[in-house]
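Where a number appears in this text, it was derived from the coordinates with a stated rule and is not lab data. Fair warning: this is a prediction, and the values are worked out from it, not measured in the lab. When we count neighbours, we look across all protein chains shown, and the Cβ atoms used for this are built from the backbone with ideal geometry, even at glycine.
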Amino acid sequence: MSQKQEILAHLKAGKGMTPIDALSKFGCLRLGARIYELRGEGYNILAQRYHTPNGAIVARYNLI
């Protein structure tokens, strides 16, 4: 299964995903690129941005 397919299956299971999740679970360094491809295929994926305790801004993706 490709990274994109694994990410889609994870999102379809109702689980959100951050770039750190994608790296640790699927070895994906470019989650934003995979999300862009999935959106191009018609999937409605919402990005929620939040600040981590160290001040970084991180996106968490969920399938709508």
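Descending by average beta-carbon neighbour count within 10 Å, the peptides 36-47, 2-13 line up as 2-13, 36-47, the highest first.
Here the 3J(HN,Hα) profile of the range 17-22, calculated from phi with Karplus coefficients 6.51, -1.76 and 1.60 at θ = phi - 60°, is 8, 10, x, 5, 4, 4 Hz, Gly and Pro shown as x. Of the Cα atoms belonging to the chain, the radius of gyration and Dmax stand at 11.3, 35 Å. Straight-line cross-link reach from K4 at under 12 Å between alpha-carbon atoms covers these aspartates and glutamates, not counting any fewer than eight positions away in the same chain: E37, E41. Modelled label positions at L46 and L29, each set 7 Å beyond Cα in the direction of Cβ, lie 3.2 nm from each other. Extension gain for the segment Q5 to I64, taken as residue separation times 0.36 nm less the Cα-Cα distance, is 19.6 nm to one decimal.
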